[in-house]
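Novice: First the structure, then my questions, so here it is.
Bear in mind that the values in this text are calculations on the coordinates, not laboratory data. None of the values given here were measured: they were computed from a predicted structure. FYI the Cβ positions are ideal-geometry reconstructions off the backbone, even for glycines, and counts take in every protein chain you see.
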Amino acid sequence: MEYDSLQVQDVLVPVDGSPAGFDALALACTLAKRRKGTVYAVYVIEVARNLALDAELAPEARHGEEVLTKSEDVAAELDYKVEGEILQARDAGHAIVDEAIERAVSAVVMGVDYETPLGEFDLGNTALYVIKHAPCQLVLLRAAARE
């Protein structure tokens, strides 16, 4: 019997346009491909509290479309297809967890940048929230340190 700890089929990948996000997407495609699963790429626009949640945020939406187009290109290079969606929410972490629950994914694969403003690594509020609240497996792919 072959041991497979990553019982991954359908995967949610938050993408933000960073190299770490696209690396996470590539990893998700590789994992999902093994079980013929679906990869959902989501771009979250965080809406300020002083605006309506469904406010028209054209520049942010355009950037989200660009990121999702690039996500489709990354997946195509791996001979895979992703389903992309732009979400608007007050908090990206909450939106990612809610989307994982709604889509009943088996994993969230999330890229995090290596931050070095003070020579320290900072995971960030979004990733911390997803770590604490995701109902499924979570794979964090940290980018390599930059020199």
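Novice: Which of Leu25, Leu57, Leu12 moves the most in a Gaussian network model of the chain with Cα springs under 10 Å?
Specialist: The residue that fluctuates most here is Leu57.
Novice: Which one of Pro19, Pro135, Pro59 has the biggest mean-square fluctuation once the chain is modelled by GNM with Cα springs under 10 Å?
Specialist: Greatest mean-square fluctuation among the candidates belongs to Pro59.
Novice: Separate question: Would you look at the GNM of the chain, springs on alpha carbons closer than 10 Å, and say which of Ala32, Ala55, Ala134 moves the most?
Specialist: Ala55
Novice: For the chain, what does -39500 (n - 2.57) per DSSP helix run (n ≥ 4), summed and divided by total residues, give at 222 nm, in deg cm²/dmol to the nearest 500?
Specialist: Values: 4 runs with 56 residues, N = 147.
Helices in the chain give a 222 nm mean residue ellipticity of -12500 deg cm²/dmol.
Novice: Match the structure shown to one of the listed values [x] 87, 33, 28; [y] 55, 36, 30; [z] 51, 31, 20 of Cα extents along the principal axes in Å, computed from it, and give that label.
Specialist: Among [x] 87, 33, 28; [y] 55, 36, 30; [z] 51, 31, 20, the one calculated here is [y].
Novice: By how many nm would the segment from Arg90 to Thr69 grow when fully extended, if each residue of separation counts as 0.36 nm and the alpha-carbon distance is taken off? Walk me through the numbers on the way to the answer.
Specialist: Details: separation 21, 0.36 × 21 = 7.56 nm, distance 2.37 nm.
That works out to 5.2 nm of additional length.
Novice: Right, here's the next one. Please identify the longest segment of the chain free of exposed trypsin sites (Lys or Arg not before Pro), where exposed means a DSSP state other than H, G, I, E or B and no more than 16 other Cβ atoms within 10 Å.
Specialist: Longest run free of exposed loop sites: 91-145.
Novice: Also: Enumerate the calculated ³J(HN,Hα) couplings along the range 22-37 in order (Karplus 6.51 cos²θ - 1.76 cosθ + 1.60, θ = phi - 60°), each rounded to whole Hz, writing x wherever the residue is Gly or Pro.
Specialist: Each residue's phi maps through the Karplus curve to give 6, 5, 5, 4, 4, 5, 4, 4, 5, 5, 5, 4, 4, 10, 6, x Hz.
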